[in-house]
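Let me begin by presenting the structure, written as structure tokens, before commenting on it.
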Amino acid sequence: MTTTYEKMADVLVEKFGVDRDELRPDVTFEDLEMDSLFLVEFVLTLQSELGLKIDEDAASPRDTLGAVAEILEAQIARAS
Amino acid sequence: MTPHNRRAAILDGIGRWVPPRLVTNAELSERLDTSDEWIRSRTGITQRHWADAGMATSDLAVEAGARALKSSGSAAVDAVVLATTTPDRLCPATAPEIASRLGMTGVAAYDISAVCTGFLYALATSAGLIHTGVAERVLVIGAETYSSILNPDDRGTMVIFGDGAGAVVLRAGEPDEPGALGPFDLGSDGEGAHLISVPGGGSRQRLAGRPPEPADQYFAMAGAEVFRQAVERMGTSARTVLERAGWQPSEVDRFVSHQANLRIMHRLADALGIDRGRMISNIARVGNTAAASIPLALADAAEDGTLQAGHRVLLTAFGGGLTWGSTVLTWPDL
């Protein structure tokens, strides 16, 4: 899919021990057993990886990976 | 006697105590919807100590305080300062009773209320007592019976918090001595007061004009937001004291943050550019002991040799208020 989605997937696999086979755009963070506490950490990690300040409510456990990737793409576009 | 404008507070003794009752993750999993794996992966905690019925925070504080006094070779001090979120009673403060029980009736004694930042605030104010000549020696204690305010139905907090106490003795000395505390950074953000609280028991609830909710007596914390703020505020505060002290992050030998959650601690070390191997951590064994967290971690590290004389140590904490604080010292030969 998009580069942002791939970066998110890499972070989930490398830093959060998620199985790459479980990742699909329609999967939610909740499906991956990532609660709001893990999500804070995930967003902080993405901020460093993407080099941009991410809005606090960009990701919540019920969001799909695809939806969050789109939100981040929009934020990146606004920032550049 | 050291002239007042050159007086610094020097770390001169340390002690710690936890109540004997051990509570494992397995035990908590029996009554809460959780598991050992869930708790370890989210918090890094494998066990914690909880006080038995009949105990109160002063009991833990007296044990730790006595050990710190013994460690420093002091029979007495001029002031006893207790940092706690769980005083024996709302009134009076717990410190005067602690002083009496340690054979020091008559000395200045007061409590400091800054939740998990309490010990840093207590160190700063105690250094102030020494700097202004109010005291030559101060016993500074961080003690909690957090188990007494936990909501039994709140999985998030039940698995994190533990009971315990740590104490240090500070004495007057020269600013360039080993063990000299400072510089300090302290801060607060009252707009986040609602994020970490025990809503009931104070004037806000008593004068509310309606009976309290059952949950008002319990501690509540907005975990995700607190995680975020903790990393940010401790990061900024720690950087401030490092700059003031003229230390590069790479020169920090040991990093002791408030033992909130291992993931937060790792995150913070990474953000500051401090090697994770230099982090001092006992959270796996004692959990988050709020105001006792930092002195307990220091005492454990001093005992097992992780902390040694000459080590440059960075302390940083974040807690309810919201509050935060940091300081540095070179570890003395205790």
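The values are calculated or read from the model by the stated rules, or taken from the named source; none is laboratory data. Small disclaimer: the values here were computed from a predicted structure and weren't measured. We place every Cβ from the backbone using ideal geometry, glycine too, and count neighbours over all the protein chains shown.
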Which members of region B:26-43 meet the condition of being buried (at least 21 other Cβ atoms within 10 Å of the Cβ) and not aliphatic (A, V, I, L, M)?
B:T43
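Can you report the number of residues in region A:4-21 which are part of a loop (DSSP other than H, G, I, E, B) and surrounded by fewer than 17 Cβ atoms within 10 Å (Cβ to Cβ)?
The initial filter retains those residues of region A:4-21 that are part of a loop (DSSP other than H, G, I, E, B), namely A:17-19.
Keeping just the survivors that are surrounded by fewer than 17 Cβ atoms within 10 Å (Cβ to Cβ) gives A:17, A:19.
Going through region A:4-21 one residue at a time, the tally reaches 2.
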Check on B:A165, assigned by TED's automatic domain parsing to the domain that holds B:T34, outside any helix (DSSP H, G or I) and touching a Phe, Trp or Tyr at 6+ places or on another chain (Cβ under 7 Å):
yes
May I ask you to say which residue of B:L296, B:L307, B:L262, B:L329 is farther than 20 Å from B:G44 by Cβ and surrounded by 18 or more Cβ atoms within 10 Å (Cβ to Cβ)?
B:L329
Over region B:105-137, the set of residues surrounded by fewer than 21 Cβ atoms within 10 Å (Cβ to Cβ) and not in a helix (DSSP H, G or I) is B:T105, B:G106, B:V107, B:A108, B:Y110, B:S113, B:T132, B:G133, B:V134, B:E136
Could you check A:R24 against (1) on the phi < 0 side of the Ramachandran plot; (2) within 14 Å of another protein chain (Cβ to nearest Cβ); (3) not aromatic (F, W, Y) and say which number it fails?
(2)
Scan of region B:217-269 for residues that are among the polar types (S, T, N, Q) and within 14 Å of chain A (Cβ to nearest Cβ), ordered by number:
B:Q229, B:N261
Tell me which helices (runs of 4 or more DSSP H) are completely within region B:1-91 and hold 2 or more residues being free of Cβ contacts under 8 Å to residues at least 12 places away in the same chain, or say none if there are none.
B:25-31, B:36-43
Of the residues in region A:52-66 that are of a type in the set (D, E) and within 10 Å of A:V40 (Cα to Cα), the one that is surrounded by the most Cβ atoms within 10 Å (Cβ to Cβ) is A:E56
Test result for B:T289, closer than 29 Å to B:D176 by Cα and buried (at least 21 other Cβ atoms within 10 Å of the Cβ)
no
Subset of region A:22-80 [of a type in the set (A, V, I, L, M, F, W, C), over 18 Å from B:A222 (Cα atoms) and assigned to a helix (DSSP H, G or I)]:
A:L46, A:L50, A:L65, A:A67, A:V68, A:A69, A:I71, A:L72, A:A74, A:I76, A:A77, A:A79
Odd one out for A:K15, checked against (1) under 10 Å from the mean Cα position of the chain (by Cα); (2) within 13 Å of chain B (Cβ to nearest Cβ)
(1)
Looking at this structure, is B:D216 over 18 Å from the mean Cα position of the chain (by Cα), under 22 Å from B:T84 (Cα atoms) and assigned to a helix (DSSP H, G or I)?
yes
Residue list for region A:37-51, filter: away from chain B (no Cβ under 11 Å) and surrounded by fewer than 18 Cβ atoms within 10 Å (Cβ to Cβ)
A:E49, A:G51
